[in-house]
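Please treat every number below as a calculation from the coordinates, not as lab data. The structure displayed is predicted, hence computed values, not measured ones. Virtual Cβ from ideal backbone geometry, glycine too; neighbours counted across all protein chains shown.
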Amino acid sequence: MNALIIFVLLFTLMLTGMPISISLGLTVLTFLFTMTDVPIESVALKLFTGIEKFEIMAIPFFILAGNFLTHGGVARRMINFASSMVGHWHGGLALAGVLACALFAAVSGSSPATVVAIGSIILPAMVRQGYPKGFGAGVITTSGALGILIPPSIVMVMYSVSTNTSVGKLFMAGVIPGLMLAFFLGLTTWYLARKHNYPKLPKANWAERGAAFRKSAWGLLLIVIVMGGIYSGKFTPTEAAAMAAVYAFVIAVFVYKDMTLKQVPKVLLDSAAMSAMLLYIITNAVLFSFLITSENIPQAMASVITDMGMGPISFLLVVNVLLLMAGNVMEPSSIVLIMAPILFPVAMKLGIDPVHFGILIVVNMEVGMCHPPVGLNLYVASGITKMGITELTIAVWPWLLTMLAFLGLVTYVPAISLWLPNLVYN
Amino acid sequence: QTPIVIKFSHVVANDTPKGKAAERFKELAEQSLKGRVKIELYPNSTLYKDKEELEALQLGAVQMLAPSLAKFGPLGVKEFEVFDLPYIFPGKDVLYRVTEGPIGKELLKKLEPKGITGLAYWDNGFKVMSANKPLKTPADFKGLKMRIQSSKVLDAEMRALGANPQVLAFSEVYQALQTGVVDGTENPPSNLYTQKMHEVQSNVTVSNHGYLGYAVIVNKKFWDGLPADIRTGLEVAMKDATKYANAIAQQENDKALEAVRKTGKTAVYVLNDKEKAEWRKALLPVQKDMESRIGKDLISAVGKEATALGYK
Amino acid sequence: MKFLDHLEEWLIATLMASATVIIFVAVVHRYLSGLPIPVVQDALIRINTSWAQELCIYMFVWMAKFGAAYGVRTGIHVGVDVLINQLNTPWRNKFVIFGLLAGATFTGIVGTLGASFVYQIAQHSSTSEVLEIPMWMVYMAVPLGSYLMSFRFLQVTWAFVRTGELPKHDHSFVEGLDEEVAAGGKA
Ligand code: NA
Ligand code: NA
C-alpha cells in the first residue's frame, strides 16, 4: 500500500514537469511528514551524506574531461582517422561516423556528448556528400549511445554507486558489448548504404592512415590513461577520471591549441553546473531509496516476484520492458538511480550477476536515449540537423531495431558482458 | 500493549561476528522481555552508512549501533584512539581488563555529553599485516602503499614502519589490492578472509600489532526514557551477547587464518620473538607521539593494567 | 544581485578546478613516493596527502549544492515535460509556475531542516576524520545551498510571471563548436 502511495505520488509530481530531483525530494518529504516515524532531520543528513563518497566524484571529473575534449579538436581528428580506415567501403563517411563515435565513446562518459562531438562535424559533411539527412542522423543518434556502454561511462558510475558494484569491473564488462554493438550498427549502416548505393570515399593508403592516426593519437592516448591506469593499478576509477580531466585540459589548450586559457573558466563553470545537476539528482534519489528501504519495498517486491514463481528469464524480460518504458519519459541517470535500488535486490536473489545486470541496464538506457518522446540523443541530433523529432524517429528505426536485438542478446547471453572481466580479474 | 521498537543498524553482513552477535542480542532481549521490546536489525548499511550512522543515532533516527572504536575520535572523544595504538594490548587479558574495568567504563562515560550511552565493547580481534611480499621486519615495509582506515594513529603507525599509508573505503580495498593501487593492508583475519583479500595478497604476517573492536551504543535520551526494568533486561541480554560476540570473534579469526593457510596460495607467517621485538621497537614511539592527542594518563593507565598482569 | 551571481559562478568553477588539481597532485605524489629513489622517497613519504580525498569530497559536495542553485538560474535541471508541453499555453503556464513554486518550497524546507541539523551537530563538536574540520561547518553547505536554491526558484518564478520566459539550458549546445563544424567540413 505504502509502495503504491509513494510511486503514484512520485509519478504525479514528475508529470507536472518539475525537475525530477525536486519530485523525488518532495515525495520523500510528503511521506515522511505524514506517514512514518522516521525523523525528518535525517533528510538533511542524507542530503549531505548521499553524495559523500569518493566513487561518485568520478562523475564531475569525467564531465570536465569530456567538456575539454568536445571543445578541442579531438573529435575532428578521430573522424579523420576513422575515415581513413573505413571510408572506402559502402557508406564510407557514415561508417567513419560509427567508428568515430566508438573512439570518442572510449574517452567520454556521456552519450549526448558523443553525439554532439561527432555529429556536429560529420553530419554537415555527410549532407554535403549527398547522404539524405535522416540517414546521417540515424547513424549518429544511435552510435552516439555507445558513449555510455564503452568505458568510461557516467551511467555505470551511477549504477555502481547505487548497487555497490565495482566500477572497474563494470567498465571492463562494457568493452566487448560496446565493440559488438558498434559492429552491428556499422553492419546495419553498411547494408543500407549498399542497398541505396551511397557514396564511398577514396581509399586512403597506409601512409595517410598513419598520419591520421598520429594526429589523433593524443586523444586516443586518453583511452590508455583511463583504462590502462585503472587496470594497471596506477589509479582508482575516480582518480583515473581526475587524471583524464587534467590530461584533456593539457591537450586541448597546449597540444592541439584548440582552446585558449581564457575559455577555461567557462568550461569549468559548465562542467560544474552539469555535475551539480547530476549530483543533485543523486542526492534526492539516495533520499528516495532511503525511503523505500525504510518501507521495506525491495524485500516486498522480491517476495512477490519469487512467489509468482518468476525465474531469471522472465524477470529479465520484465526488467527490460520496465526500463524501456521508463526510457520513454526519463533520462538515464534518474532511471538508474530510481530503478536500480528496487530491481537489484531481486536480481541478486535470482542469482543474476551484478555486473551483467548493470550492462543490461546500460544497454536499455542506450535504447531509451534514441527514441521519443524523451531521448536526449534524439534531441541533440535534432538540434544539429534541424530535423523534427518525428522525422528523426523514422530515420532512427533501422538502427534502433538493431539495438533492440542486441539488447536481447546481452540480456540472455551473460558471457558477452562477463567474459572479459572474468578473464582480467581471475 | 505495543512493544518498544529498537532499531539496531550496522554496516556489516549478518554472517560476520558482529552481525551474529547482533542477532544473538535480539534473540536474548526479545526472549527475556517477552514481547515488550522489538529489536529491528538493519545490517549491511541498509539504512545508514558508516559515515552517517553516528549522526543518525544522535538525531534519534536509529536507537542502537555498534561502530568501530575508531569512529569516536572524530566525534570529539579522542581518548578512544588509545585502542588503535600499536602494541598497546600485549594480550587479550589486558584488553578485557581495560574494556571491562574502570578504564573502559570511564571511556564510555565520555560519550554521554554527545548524547550517547555506551553499553558494551565487542571484539573483532587483533590485526594481521598482508602484502605481496614477506613482511618480517619493519624494513620490509619501506615504501609500501598500505591501506588503512581513516585514523591519525594508524597513519602514524604505518609511517613509523616506513610505509606510505593510504586511506581507502573498506569496499574498495579488494580491487585496490588486486590492481596494485595499494600494496598491502592490515585487518583482523576474519575481515581479510570474508573480503577475500587473501586471494590478492601472497603474504600474511600474524603480528597482532593492533586491535580492532566495536562499542555497542544507544541514543542516551531514548535509553534514559526506557522503563528501568526494561533497561535492566536489555543490559543482561547485552552482557550475554557480549560474551558470545567475543568468543565468536576469536573463533572466526582462528578459522579464517586456518582457511587462508589451507588455500596454499598465501603464506601465513607468525613473527618470532626477536622479530616481534623489532616491530615493537619501531612502533612503540607512536604511543609517545600520540600522547598529546589521546592523553598521557590514559596511555599509562593501560600500561599499568598490562604490568599488573605480568607483562613488561 | 550581479555580485551574488558572480560569486556563485566563481565559487563553483573554483571548487571544480581545485578539486581536480588536488586529486592530480595526490595521485602523482603516491606514484612518485612508490619509486625506490633514495632520500627522495623518504622525503615524499613524509609529505602527507591523505587529506586529499576528504577535501575533494567536501569541495564537490559544496560545488553540488551551489551548482544546483546556479542550475535553477540557468535552467539546467531536467524534468518530464512531455505531458505539459501538449497543453495549451495558459494551462502549461499554470503547471510551470506550480513546478517552480514546488521547487522553492522543497528547497526552502530542506534549507530549514539543514539549518536545524547544523545547529544540533554544532552541539557535539564532532569533526571530519582526516582534516578535523568541525562537521557543522562542512554541513553548512546544505542550508546555505538550499536557501540560495529556493531564492533562485522564486527569482525564476517572478521572471516567468512577468515575461513568460524560462531559462532554458540547451543540452546539445557546445561552445566553440561552430568553428569546429567549419573546420570539420574539410573532413
Ligand atoms: Na564512454
Ligand atoms: Na526515450
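Once you have the Kirkwood Rh of the stretch B:113-240 from its Cα pairs, apply Stokes-Einstein at 25 °C and 0.890 mPa s and quote D in µm²/s.
Diffusion coefficient, whole number: 148 µm²/s.
Just to confirm the number: angle between the C-alpha axis of helix A:237-250 and the first principal axis of chain A, 0 to 90 degrees, nearest 10?
40
One-quarter of the Cα convex hull surface for the stretch B:55-119, in nm²? Kindly include the intermediate steps, with their values, before the conclusion.
Values: hull surface 17.7 nm².
Projected over every direction and averaged, the Cα hull of the stretch B:55-119 covers 4.4 nm².
Calculated FRET efficiency, A:Lys262 and C:Leu166, Cβ-Cβ r, R0 30 Å, to nearest 0.05?
0.50
Can you check what the net charge comes to around A:Leu29, using other residues whose Cβ is under 14 Å from the Cβ of A:Leu29 (Lys, Arg +1; Asp, Glu -1)? Spell out each step's value before the answer.
Working: positive: A:Lys46; negative: A:Glu41.
Summing Lys/Arg as +1 and Asp/Glu as -1 gives 0.
Mind running the shape call on the stretch B:208-312? Use the C-alpha gyration tensor, a ≥ b ≥ c as the square roots of the eigenvalues: rounded below 1.5 for a/c, prolate if a/b tops b/c, oblate otherwise.
Working: a/c = 2.69, a/b = 1.37, b/c = 1.96.
The shape class here is oblate.
Going by the alpha-carbon gyration tensor, a ≥ b ≥ c the square roots of its eigenvalues, is chain B rounded (a/c under 1.5) or, if a/c is not under 1.5, prolate (a/b greater than b/c) versus oblate?
Numbers: a/c = 1.89, a/b = 1.52, b/c = 1.24.
Prolate.
For the stretch A:36-425, I need the span (max minus min coordinate) of the C-alpha atoms along each principal axis, in Å, sorted largest to smallest.
If we take the Cα atoms of the stretch A:36-425, the spans are 68, 47, 43 Å.
Report relative contact order for the stretch A:38-139 in percent, whole number only (criteria: Cα-Cα under 8 Å, sequence separation at least 6).
24
Could you state the angle between the C-alpha long axis of helix A:389-412 and the longest principal axis of the C-alpha atoms of chain A, as a value from 0 to 90 degrees rounded to the nearest 10?
Compared with the principal axis, the helix lies near 70 degrees.
Might you report the magnitude of the Cβ-based charge dipole of the stretch B:234-299 about its Cα centre, with Lys and Arg at +1 and Asp and Glu at -1, to the nearest 20 debye?
Around 260 debye, computed over the stretch B:234-299.
Report the one residue of A:Ser108, B:Leu85, B:Pro43 whose Cα lies farthest in the direction of the positive end of the charge dipole of the protein assembly as shown (charges on C-beta: Lys and Arg +1, Asp and Glu -1; origin at the Cα centre).
Value computed over the given set: A:Ser108.
Using only Cα atoms, locate the centre of the stretch B:167-244 and the centre of the stretch B:90-157, then give the distance between them in Å, rounded to an integer.
One Cα centre to the other: 10 Å.
Quick one: if the Förster radius is 30 Å, what FRET efficiency do C:Leu4 and C:Asn93 give, using the C-beta to C-beta distance and rounding to 0.05?
Step by step, r from the Cβ atoms, then E = 0.65.
Which value at 222 nm does chain A reach when only helices count, each DSSP H run of 4 or more adding -39,500 (n - 2.57), with the total divided by all residues and rounded to the nearest 500 deg cm²/dmol?
When only DSSP H runs of four or more count, the value is -24000 deg cm²/dmol.
In square nanometres, what is one fourth of the surface area of the convex hull spanned by the alpha carbons of the stretch A:28-153?
On the way: hull surface 42.0 nm².
Result: 10.5 nm².
Using Cα pairs closer than 8 Å and at least 6 residues apart in sequence, work out the relative contact order for chain A, in percent.
25
How far is helix C:89-122 tilted off the main Cα axis of chain C, in degrees rounded to 10, range 0 to 90?
Taking the Cα atoms of chain C, the angle to C:89-122 is about 30 degrees.
If you filter the stretch B:196-266 for chymotrypsin sites (Phe, Trp or Tyr not before Pro), then keep DSSP loop positions with at most 14 other Cβ within 10 Å, what is left?
Passing both the DSSP loop test and the Cβ count: no residue.
With each label point set 7 Å from Cα along the Cα-Cβ vector, what nm distance links A:Ile5 and A:Val413?
Result: 4.8 nm between the two label points.
With a sphere of radius 11 Å drawn around the Cβ of A:Val86, what net charge do the other residues whose Cβ falls strictly inside it have (Lys, Arg +1; Asp, Glu -1)?
Surrounding charge for A:Val86 is +3.
For the stretch C:2-78 and the stretch A:104-174, compute the distance between their C-alpha centroids and round to whole Å.
Comparing the Cα centres of the stretch C:2-78 and the stretch A:104-174, I get a distance of 27 Å.
Any idea how far apart C:Ile37 and A:Asn422 come out in nm if each label point goes 7 Å out from Cα toward Cβ?
Output for this residue pair reads 4.4 nm.
Output the pairs from B:Lys152/B:Lys265; B:Lys26/B:Lys71; B:Lys145/B:Lys196; B:Lys71/B:Lys109; A:Lys169/B:Lys196; B:Lys7/C:Lys65 with a Cα-Cα distance over 22 Å in this structure; if there are none, say none.
B:Lys152/B:Lys265; B:Lys26/B:Lys71; B:Lys7/C:Lys65
Could you check the spin-label model distance between A:Ala207 and B:Asp15? Points 7 Å from the Cα along Cα→Cβ, value in nm.
6.6
Whole angstrom only: what separates the Cα centroid of the stretch A:238-297 from the Cα centroid of the stretch A:1-15?
After rounding, the separation between the Cα centres reads 30 Å.
Rounded, prolate or oblate: which one fits the stretch A:98-207, using the alpha carbon gyration tensor with axes a ≥ b ≥ c (rounded when a/c is under 1.5, else prolate when a/b beats b/c, else oblate)? Provide the component values of the computation, followed by the final result.
Working: a/c = 2.42, a/b = 2.14, b/c = 1.13.
Cα axes put the stretch A:98-207 in the prolate bin.
Starting from 0 in steps of 5 Å, tell me what percent of the Cα-Cα pairs of the stretch B:1-144 lands in each bin.
2, 8, 15, 17, 18, 17, 11, 6, 4, 1, 1, 0, 0
I want the local charge near B:His198. Using Cβ-Cβ distances under 10 Å, sum +1 for each Lys or Arg and -1 for each Asp or Glu among the other residues.
Taking every Cβ under 10 Å from that of B:His198, the sum is +2.
Within chain A, what is the longest stretch that has no trypsin sites (Lys or Arg not before Pro) placed in a DSSP loop and near at most 14 other beta-carbon atoms within 10 Å? Please list the in-between numbers first.
Values: sites that count: A:Lys203, A:Lys257, A:Lys386.
The longest uninterrupted stretch comes out as A:1-202.
Would you work out the relative contact order for the stretch C:2-170, in percent, from Cα pairs under 8 angstrom that are 6 or more residues apart?
27
About its Cα centre, what dipole magnitude does the protein assembly as shown give when the only charges are +1 on Lys and Arg Cβ and -1 on Asp and Glu Cβ, stated in debye to the nearest 20?
1340
Roughly how large, in nm² to one decimal, is the mean projection of the convex hull of the alpha-carbon atoms in the protein assembly as shown?
39.2
Which three lengths, in whole Å and largest first, does the stretch C:2-170 cover when its Cα atoms are put on their principal axes?
75, 40, 31
Would you work out the charge dipole size for the stretch C:1-133 about its Cα centre, treating the Cβ of every Lys and Arg as +1 and the Cβ of every Asp and Glu as -1, and quote it to the nearest 20 debye?
Value, rounded to 20: 360 debye.
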